[in-house]
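Participant: First the structure, which I've put down as structure tokens, then a few questions once you've had a look.
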Amino acid sequence: MRARAGSSVATVAAVALSGCELVRSLDPLEAHPDVVVVLGMLVGGEREARILASHPHRVEFEPKPRITATLQGPGWTADFTEDLPRGDCEDVGGRWNAPSKCIGAILPEPIAAGVTYELSGTAPLGSFSGQATMPMGPELVHPAFALGIPAQDSTGPVDVPLSYRVEADAGMVLADVRDFVELQPDGTKEERDRNSWPFPEVLASFEADTIAVLQYRRPLRFVVTVVSVGWAYVNFAEFHGADPLPEPWPDFGLTGEGVFGYFAGRTPSRPIEVHVGLFDDPDVIDP
């Protein structure tokens with residue numbers, strides 16, 4: 001069954017992908033201190049892959065996991081050799097109150113929709129491997145708001161209706177909003193913190209939904225994408241808090257010795273730029 005807003009799957013997925021705490025029971029695994037959780041989410045169009053690795057049975061300030069990992073694409077391989085700030089992996093699987101590290105691999109080409117990627121590596125208790133086929137990106141139907149949304153008279157939410165088509169390889173659909181810019185009274189443009197509204201947001205329908213963006217009585221510009229998320233992640237999120245996990249387990253895209261987690265992908269649509277009120281450069285509005 002596909003994830004729907006309001007379900008436990010949608011709730012956990014929204015929490016994890018927005019970079020908040022992902023709380024999940026890991027007790028079904030033997031409580032060995034060297035067990036490693038590996039979370040991998042490839043992002044369509046990006047040239048870097050990131051993995052979050054954690055020791056779920058150790059306390060936060062103990063040593064971080066010792067793992068190696070390699071991503072294989074069509075005709076190439078790339079090793080995860082970059083040590084990244086842990087915050088760079090928040091959209092991979094949230095924050096863990098355990099020894100964790102974020103590692104990255106620079107890729108020879110962008111992650112592409114419809115392509116299958118393979119992950120392999122080693123952890124303290126053995127090897128692991130995974131496979132993920134990137135979902136196709138959603139197709140945005142010509143939006144009614146493309147020529148701009150009228151400015152509001154007071155501070156408050158502005159509705160943005162979305163209409164889109166997704167393929168059956170999408171287990172969940174998200175809306176993401178970025179690059180908030182306000183036009184100030186003196187004509188200058190000021191970037192606004194995207195955390196002023198909770199995105200990404202799980203969409204309730206696989207065809208159309210409406211999101212809301214907060215406007216502070218000033219002309220506002222932002223970019224919207226609709227994102228298809230692969231089934232492996234949705235299957236993983238569905239078992240939030242389950243103890244023990246019922247068998248047979250669904251496919252999380254990742255298996256290994258002393259390793260648990262998921263390997264999945266998400267692919268965004270083409271971006272749509274939205275204006276609320278009038279900017280002084282209306283020619284950049286997506287027609």
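Participant: Just to make sure I understand: if all protein chains stay in place, what is the order of 136, 41 by accessible area at 1.4 Å, largest first?
Facilitator: Largest accessible area first, the list is 136, 41.
Participant: In nm, to one decimal, how far is the residue 129 label point from the residue 109 one, both placed 7 Å along Cα→Cβ?
Facilitator: The two pseudo-label positions are separated by 2.3 nm.
Participant: Using unit Cβ charges (K, R positive; D, E negative) and no other charged atoms, how large, in debye to the nearest 20, is the dipole of the range 74-226 about its Cα centre?
Facilitator: Numbers: 11 positive and 23 negative charges, 59 e Å.
Using Cβ point charges on Lys, Arg, Asp and Glu, the range 74-226 gives about 280 debye.
Participant: While we're looking at this one, here's another question. Run the simple label-point estimate for residue 76 and residue 178 please: 7 Å along Cα→C-beta, distance reported in nm.
Facilitator: 2.0
Participant: Report the Cα-based extents of the range 38-143 along its three principal axes, largest first, to the nearest Å.
Facilitator: If we take the Cα atoms of the range 38-143, the spans are 50, 35, 19 Å.
Participant: Calculate the spin-label point distance for residue 193 paired with residue 46, positioning each point 7 Å from the Cα along the beta-carbon direction, and give it in nanometres.
Facilitator: About 2.3 nm separates the two model spin labels.
The values are calculated or read from the model by the stated rules, or taken from the named source; none is laboratory data. Keep in mind it's a predicted model, so treat the numbers as computed, not measured. When we count neighbours, we look across all protein chains shown, and the Cβ atoms used for this are built from the backbone with ideal geometry, even at glycine. Protein only, heavy atoms only, side chains kept; ligands, DNA and RNA dropped before computing areas. Shrake-Rupley method; radii C 1.70, N 1.55, O 1.52, S 1.80 Å.
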